[in-house]
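Scroll down for the structure; my scribbles are underneath it.
The values are calculated or read from the model by the stated rules, or taken from the named source; none is laboratory data. Computed from a prediction, not measured in an experiment: that's the story for all the values here. Here the Cβ is made from the backbone with ideal geometry for all residues, glycine too, and neighbour counts use every protein chain on show. Just the protein is used for accessible areas: all its heavy atoms, side chains included, with ligands, DNA and RNA removed. Shrake-Rupley method; radii C 1.70, N 1.55, O 1.52, S 1.80 Å.
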Amino acid sequence: EPETYNTLYEQYRNVNNMLTFGYKTLLQKFDQTYEKVIVDAYAQDPAIVQSLASVSPGPLVWETKAEKYISVCAASLIARKLCLDWFENQDIRLPRGASYEAIQAYKELATNPRINLRRYVKLNFRIS
(Lines give C-alpha, C1' and ligand atoms only; values in the text may rest on other atoms or scores of the structure.)
Protein backbone atom coordinates (compact mmCIF):
# COMPACT_ATOMS: atom_id res chain seq x y z
CA GLU A 1 0.00 0.00 0.00
CA PRO A 2 1.27 3.50 -0.76
CA GLU A 3 1.11 4.64 2.87
CA THR A 4 3.48 1.87 3.99
CA TYR A 5 5.69 2.53 0.96
CA ASN A 6 5.88 6.24 1.83
CA THR A 7 6.78 5.50 5.45
CA LEU A 8 9.56 3.14 4.36
CA TYR A 9 10.80 5.60 1.74
CA GLU A 10 11.06 8.34 4.38
CA GLN A 11 13.21 5.98 6.44
CA TYR A 12 15.41 4.53 3.66
CA ARG A 13 15.36 7.36 1.06
CA ASN A 14 16.18 4.87 -1.70
CA VAL A 15 14.05 2.15 -3.34
CA ASN A 16 16.95 -0.32 -3.53
CA ASN A 17 17.55 0.10 0.21
CA MET A 18 13.84 -0.51 0.82
CA LEU A 19 13.88 -3.66 -1.30
CA THR A 20 16.99 -4.93 0.46
CA PHE A 21 15.37 -4.35 3.85
CA GLY A 22 12.21 -6.17 2.70
CA TYR A 23 14.07 -9.14 1.25
CA LYS A 24 16.35 -9.46 4.29
CA THR A 25 13.35 -9.35 6.62
CA LEU A 26 11.60 -12.04 4.58
CA LEU A 27 14.66 -14.28 4.21
CA GLN A 28 15.29 -14.20 7.95
CA LYS A 29 11.82 -15.65 8.61
CA PHE A 30 12.53 -18.98 6.91
CA ASP A 31 13.28 -21.74 9.43
CA GLN A 32 14.64 -24.36 7.05
CA THR A 33 17.22 -24.46 4.27
CA TYR A 34 16.46 -24.59 0.58
CA GLU A 35 18.22 -25.87 -2.53
CA LYS A 36 18.30 -22.29 -3.83
CA VAL A 37 16.72 -18.91 -3.14
CA ILE A 38 15.92 -16.90 -6.26
CA VAL A 39 15.75 -13.11 -6.25
CA ASP A 40 15.01 -11.03 -9.35
CA ALA A 41 18.03 -8.70 -9.46
CA TYR A 42 16.95 -5.12 -8.87
CA ALA A 43 20.44 -3.60 -8.64
CA GLN A 44 23.99 -4.34 -9.70
CA ASP A 45 25.51 -3.59 -6.32
CA PRO A 46 27.63 -6.48 -4.97
CA ALA A 47 27.07 -5.21 -1.43
CA ILE A 48 23.32 -5.80 -1.79
CA VAL A 49 23.88 -9.33 -3.08
CA GLN A 50 26.30 -10.06 -0.22
CA SER A 51 23.90 -8.60 2.32
CA LEU A 52 21.08 -10.88 1.13
CA ALA A 53 23.32 -13.92 0.73
CA SER A 54 24.41 -13.52 4.35
CA VAL A 55 20.85 -14.22 5.59
CA SER A 56 19.63 -16.48 2.76
CA PRO A 57 18.36 -19.92 3.85
CA GLY A 58 20.08 -21.41 0.78
CA PRO A 59 22.40 -20.47 -2.08
CA LEU A 60 21.26 -17.11 -3.48
CA VAL A 61 20.46 -16.93 -7.20
CA TRP A 62 20.56 -13.23 -8.20
CA GLU A 63 19.35 -12.80 -11.80
CA THR A 64 17.59 -10.27 -13.96
CA LYS A 65 14.45 -11.57 -15.66
CA ALA A 66 14.08 -14.19 -12.95
CA GLU A 67 10.41 -14.61 -13.91
CA LYS A 68 11.67 -17.51 -16.02
CA TYR A 69 11.56 -19.44 -12.73
CA ILE A 70 8.01 -20.54 -12.00
CA SER A 71 8.25 -19.56 -8.32
CA VAL A 72 9.30 -15.98 -9.16
CA CYS A 73 6.64 -15.76 -11.86
CA ALA A 74 3.96 -16.97 -9.44
CA ALA A 75 5.06 -14.51 -6.75
CA SER A 76 4.96 -11.68 -9.30
CA LEU A 77 1.44 -12.62 -10.41
CA ILE A 78 0.20 -12.81 -6.82
CA ALA A 79 1.74 -9.42 -6.01
CA ARG A 80 0.15 -7.87 -9.12
CA LYS A 81 -3.26 -9.31 -8.20
CA LEU A 82 -2.99 -7.92 -4.66
CA CYS A 83 -2.05 -4.52 -6.10
CA LEU A 84 -4.99 -4.49 -8.53
CA ASP A 85 -7.36 -5.58 -5.76
CA TRP A 86 -6.08 -2.72 -3.58
CA PHE A 87 -6.86 -0.19 -6.33
CA GLU A 88 -10.32 -1.68 -6.85
CA ASN A 89 -11.16 -1.43 -3.14
CA GLN A 90 -10.40 2.27 -2.72
CA ASP A 91 -13.17 4.79 -2.18
CA ILE A 92 -11.77 7.16 -4.82
CA ARG A 93 -10.90 6.73 -8.50
CA LEU A 94 -7.20 5.98 -8.89
CA PRO A 95 -5.89 5.53 -12.43
CA ARG A 96 -2.58 3.66 -12.39
CA GLY A 97 0.66 4.68 -14.04
CA ALA A 98 1.77 8.05 -15.38
CA SER A 99 -0.84 8.57 -18.07
CA TYR A 100 -2.48 11.95 -18.63
CA GLU A 101 -5.56 10.63 -16.80
CA ALA A 102 -3.44 9.54 -13.81
CA ILE A 103 -1.64 12.90 -13.63
CA GLN A 104 -4.94 14.81 -13.75
CA ALA A 105 -6.40 12.60 -11.01
CA TYR A 106 -3.29 13.20 -8.91
CA LYS A 107 -3.63 16.98 -9.33
CA GLU A 108 -7.25 16.80 -8.20
CA LEU A 109 -6.35 14.70 -5.16
CA ALA A 110 -3.41 16.96 -4.26
CA THR A 111 -5.68 20.00 -4.04
CA ASN A 112 -8.38 18.28 -1.99
CA PRO A 113 -7.79 19.04 1.72
CA ARG A 114 -9.96 16.08 2.76
CA ILE A 115 -7.67 13.56 1.05
CA ASN A 116 -4.60 12.16 2.80
CA LEU A 117 -2.48 11.89 -0.35
CA ARG A 118 0.18 9.64 1.21
CA ARG A 119 -2.51 6.98 1.64
CA TYR A 120 -3.05 6.74 -2.13
CA VAL A 121 0.13 7.90 -3.92
CA LYS A 122 3.82 7.00 -3.79
CA LEU A 123 5.03 10.48 -2.97
CA ASN A 124 8.59 10.10 -4.26
CA PHE A 125 7.43 9.52 -7.86
CA ARG A 126 8.04 12.37 -10.27
CA ILE A 127 4.41 13.29 -10.90
CA SER A 128 3.75 13.67 -7.17
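In nm, to one decimal, how far is the modelled label at A102 from the one at A79, with both set 7 Å along Cα→Cβ?
Each label point lies 7 Å from its Cα, and together they span 1.6 nm.
Give me the percent of accessible area attributable to carbon and sulfur for the stretch 1-103, probe 1.4 angstrom. Intermediate results must be reported in sequence, preceding the final value.
Numbers: 3900 of 7090 Å².
In the stretch 1-103, the share of accessible area belonging to carbon and sulfur is 55 percent.
Let me make sure I get this right: for the chain, a, b and c are the square roots of the gyration tensor eigenvalues over alpha carbons, sorted descending. Under 1.5 in a/c it's rounded, otherwise prolate if a/b > b/c, else oblate. Which is it?
Prolate, since a/c reaches 1.5 and a/b exceeds b/c.
Taking a ≥ b ≥ c as the square roots of the Cα gyration tensor eigenvalues, with a/c under 1.5 meaning rounded and otherwise prolate when a/b beats b/c, else oblate, which class fits the stretch 36-87?
Details: a/c = 2.22, a/b = 1.91, b/c = 1.16.
Judged from the Cα gyration tensor, the stretch 36-87 comes out prolate (a/c at least 1.5, a/b above b/c).
Report the label-to-label distance for T111 and D91 in nanometres (one decimal), using points 7 Å from each Cα along the Cα→Cβ vector.
So the label points at T111 and D91 sit 2.3 nm apart.
Hey, can you rank 16-26, 103-113 by average C-beta count inside 10 Å, highest first?
Highest mean packing first, the order is 16-26, 103-113.
So for the stretch 1-121, averaging the separation of alpha carbon pairs under 8 Å that are six or more residues apart and normalising by length, what relative contact order in percent results? Each step should come with its number before you reach the end.
On the way: 98 pairs, mean separation 32.7, N = 121.
Over the stretch 1-121, the number comes to 27 percent.
Is the shape of the stretch 85-128 best called rounded, prolate or oblate, per the rule: a/c under 1.5 gives rounded, else a/b larger than b/c gives prolate, else oblate, with a ≥ b ≥ c the square roots of the Cα gyration tensor eigenvalues? Could you put the intermediate results ahead of the total?
Values: a/c = 1.37, a/b = 1.07, b/c = 1.29.
Here the stretch 85-128 falls in the rounded category.
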